[in-house]
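The values are calculated or read from the model by the stated rules, or taken from the named source; none is laboratory data. Only a predicted model underlies this, so the values are computations on that prediction, with no experimental measurement involved. Note that each Cβ is placed from the backbone with ideal geometry, even for glycine, and that neighbours are counted across all protein chains shown. Just the protein is used for accessible areas: all its heavy atoms, side chains included, with ligands, DNA and RNA removed. Shrake-Rupley method; radii C 1.70, N 1.55, O 1.52, S 1.80 Å.
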Amino acid sequence: MDVANQPGLLFWHNSSPEIRLAARQTLQQLVTEHVDELVATFYRLFLSHEEASDFLNHSVVNERLNQSMSQWLLETVRMDPGSDLTDFDARQIKIGEVHARLKIPNNLVMEGMSLLKSEIATKVATLDLPVSQTTHTIIILGEIIDYAMRLMTSAYVNDTNRRAQTDEAFRFFSLGQDISLERKIQRAALMEWSQNVLLSLLGHGSETPATLASSPFGLWARHRAAILFQGSPILDSIERVIAEIDGEVLSSVIADKPNGVVTLQRRIDEIRFLLNDLFQAASALENGRDPLTRTFNRRFLSSVLRREVSLATRAKTPLSVLMADIDHFKHINDRHGHSAGDAVLSHTADILLHCVRATDFVFRYGGEEFLIVLVESDHDRALTIAERIRQQIAAKPAVISNAGQIPFTMSIGVATFEGHPDYQYLIDAADKALYRAKESGRNRVVSHG
């Protein structure tokens with residue numbers, strides 16, 4: 001970008017080369033000397049905000065952000081607005097996109113940048129410099145930090161808006177599924193749980209009934225319904241009743257069976273009533289499945305994973321991701337044709353969907369690659385499911401009308417959420433594990449770490 005067209009760099013553009021050189025040298029020397037102190041000040045501000053501290057309590061984030069912030073500060077004061085800023089601009093845009101992905105409030109970033117400017121300006125003012133040079137240096141400091149911040153903010157806003165549109169599209173897509181069938185399935189799941197509680201009281205099941213929150217209906221309400229009916233006060237009411245049943249009603253059922261059962265039935269009826277209202281508000285809108293495999297479109301992956309990572313962080317529940325890839329898929333296409341390859345993909349998707357729960361998410365991630373989000377699943381469970389998938393793929397060849405049976409295998413990488421707030425970190429971990437599975441011979445499951 002031509003300097004004259006760079007917004008906010010007017011003083012730099014209009015000042016003499018001598019003024020610019022002196023200012024840059026002062027800033028570079030000062031920031032290089034105090035960079036650790038400045039970074040620490042920046043993060044002390046962040047950690048003083050409750051809404052920001054959640055983003056910085058993971059060791060990987062802490063280590064990386066300290067290093068990244070030091071590098072950014074040094075790079076910014078060394079930046080020459082009179083040179084080609086293509087690479088510098090691209091890095092600021094990337095930083096803004098990362099902030100949006102992590103949902104770091106942009107006002108906090110701006111507050112931190114303002115604090116940095118004040119800290120550096122204060123240090124400039126303590127130097128034994130002529131008044132005019134001090135003034136020029138502080139003005140140029142403000143211009144270059146504000147220039148970087150404008151690029152970050154623009155990228156942050158654009159990325160946030162794009163993600164919000166994708167979130168809404170995914171919600172609409174989810175609403176566009178067979179709502180009538182979904183209502184029947186969830187009513188049946190609720191009734192099944194209620195019947196299991198009564199059977200346990202009669203001595204035909206476990207002595208202590210499982211909680212409603214841990215049942216298939218509870219998982220659906222916490223994960224899928226939260227997307228389908230985002231922000232619905234009716235769903236909030238359902239979750240409240242579930243919590244009351246688990247926290248109060250179940251114990252009263254065990255202590256006083258006749259009265260407790262009546263109370264339980266009333267609360268179940270209340271959920272059924274709320275469930276009807278919830279589904280009646282739904283309408284079919286947008287289709288968003290991969291047309292070949294009927295798995296979720298990758299477009300919605302960020303919406304799902306961002307929410308699931310946030311939920312796992314707040315609720316302290318496990319979360320795992322599988323990255324699965326068909327081995328030697330190109331060979332299948334080359335030998336049997338692309339129609340056979342499509343049949344193999346469809347066959348694979350059927351097995352994947354059969355091996356996971358209705359509350360999990362299966363995405364077609366790439367050509368022959370699938371990504372599976374296993375909600376409330378720890379590392380051991382994820383490994384078990386991955387191995388089940390691998391075995392079923394190997395044991396069930398795809399049946400192609402003109403090619404007979406096509407046997408094939410699948411490699412799978414497993415990663416479990418460890419607290420990092422950026423969902424891309426979890427995807428990358430699963431992808432690295434998949435790479436190791438491929439490198440070590442294929443047709444195997446490898447876990448990250």
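Among the residues of the range 115-137, what is the count of those that are farther than 26 Å from SER16 by Cα and out of contact with any helix residue (DSSP H, G or I) (no Cβ under 7 Å at 6 or more places or on another chain)?
Within the range 115-137, residues that are farther than 26 Å from SER16 by Cα and out of contact with any helix residue (DSSP H, G or I) (no Cβ under 7 Å at 6 or more places or on another chain) number 0.
So, PHE273, is that one modelled with pLDDT under 90 and open to solvent by less than 50 Å² (accessible area, probe 1.4 Å) or not?
no
Report yes if ARG163 is among the charged types (D, E, K, R) and modelled with pLDDT under 65, otherwise no.
When the stated conditions are applied, ARG163 does not pass them.
Does LEU374 count as open to solvent by less than 60 Å² (accessible area, probe 1.4 Å) and either part of a helix (DSSP H, G or I) or within 22 Å of GLY341 (Cα to Cα) (or both)?
No.
Within the bounds of the range 394-416, is there any residue that is within 18 Å of the chain's Cα centre (by Cα), part of a helix (DSSP H, G or I), under 29 Å from LYS103 (Cα atoms) and touching a residue at least 40 places away in the same chain (Cβ under 8 Å)?
no
Considering only residues of the range 340-362 that are touching a strand residue (DSSP E or B) at 6+ places or on another chain (Cβ under 8 Å) and free of Cβ contacts under 8 Å to residues at least 40 places away in the same chain, which is most open to solvent (accessible area, probe 1.4 Å)?
So, considering only residues that are touching a strand residue (DSSP E or B) at 6+ places or on another chain (Cβ under 8 Å) and free of Cβ contacts under 8 Å to residues at least 40 places away in the same chain, the one most open to solvent (accessible area, probe 1.4 Å) is VAL356.
Quick check: anything in the range 126-134 of a type outside the set (Lys, Arg) and crowded, with 21+ Cβ neighbours inside 10 Å?
Taking every residue of the range 126-134 in turn, none turns out to be of a type outside the set (Lys, Arg) and crowded, with 21+ Cβ neighbours inside 10 Å.
Residue-wise test of (1) at pLDDT below 75; (2) over 26 Å from ARG266 (Cα atoms).
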position: ASP167; (1), (2): yes, yes
position: ALA189; (1), (2): no, no
position: LEU202; (1), (2): yes, no
position: GLY205; (1), (2): yes, no
position: ARG222; (1), (2): no, no
position: GLY231; (1), (2): yes, no
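Being over 30 Å from the mean Cα position of the chain (by Cα) and assigned to a helix (DSSP H, G or I) narrows it down to one of ARG240, ARG272, ARG306, so name that one.
ARG272
GLY419: within 18 Å of ALA312 (Cα to Cα), small (Gly, Ala, Ser) and open to solvent by 10 Å² or more (accessible area, probe 1.4 Å), yes or no?
Yes: the conditions hold for GLY419.
For the range 245-261, how many residues meet the condition of being open to solvent by less than 70 Å² (accessible area, probe 1.4 Å) and either in contact (Cβ under 8 Å) with a residue 24 or more places away in the chain or β-branched (Val, Ile, Thr) (or both)?
6
Can you find a residue that is assigned to a loop (DSSP other than H, G, I, E, B), open to solvent by 20 Å² or more (accessible area, probe 1.4 Å) and in contact (Cβ under 8 Å) with a residue 24 or more places away in the chain anywhere in the range 318-335?
Yes.
Table: residues versus (1) assigned to a helix (DSSP H, G or I); (2) open to solvent by less than 30 Å² (accessible area, probe 1.4 Å); (3) modelled with pLDDT of 90 or more; (4) not polar (S, T, N, Q).
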{"position": "LEU21", "(1), (2), (3), (4)": "yes, no, yes, yes"}
{"position": "GLN28", "(1), (2), (3), (4)": "yes, no, yes, no"}
{"position": "VAL35", "(1), (2), (3), (4)": "yes, yes, yes, yes"}
{"position": "VAL39", "(1), (2), (3), (4)": "yes, yes, no, yes"}
{"position": "ASN57", "(1), (2), (3), (4)": "no, no, no, no"}
{"position": "VAL61", "(1), (2), (3), (4)": "yes, yes, no, yes"}
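For the subset of the range 422-446 comprising residues that are touching a Lys or Arg at 6+ places or on another chain (Cβ under 9 Å) and not in a helix (DSSP H, G or I), which member is surrounded by the most Cβ atoms within 10 Å (Cβ to Cβ)?
So, considering only residues that are touching a Lys or Arg at 6+ places or on another chain (Cβ under 9 Å) and not in a helix (DSSP H, G or I), the one surrounded by the most Cβ atoms within 10 Å (Cβ to Cβ) is VAL445.
Write out, first by first residue and then by second, each pair whose Cβ atoms fall under 7 Å of each other, whose residues are 6+ apart or on separate chains, and whose first residue, in the range 95-118, is open to solvent by 60 Å² or more (accessible area, probe 1.4 Å) while the second is among the charged types (D, E, K, R).
As it stands, the answer is GLU97/ASP159, since those pairs meet every condition given.
Taking only the range 404-439 into account, find how many residues are modelled with pLDDT under 95 and among the hydroxyl-bearing types (Ser, Thr, Tyr).
2
How many residues, within the range 226-236, are open to solvent by 30 Å² or more (accessible area, probe 1.4 Å) and on the phi < 0 side of the Ramachandran plot?
Residues in the range 226-236 being open to solvent by 30 Å² or more (accessible area, probe 1.4 Å) and on the phi < 0 side of the Ramachandran plot: 4 in total.
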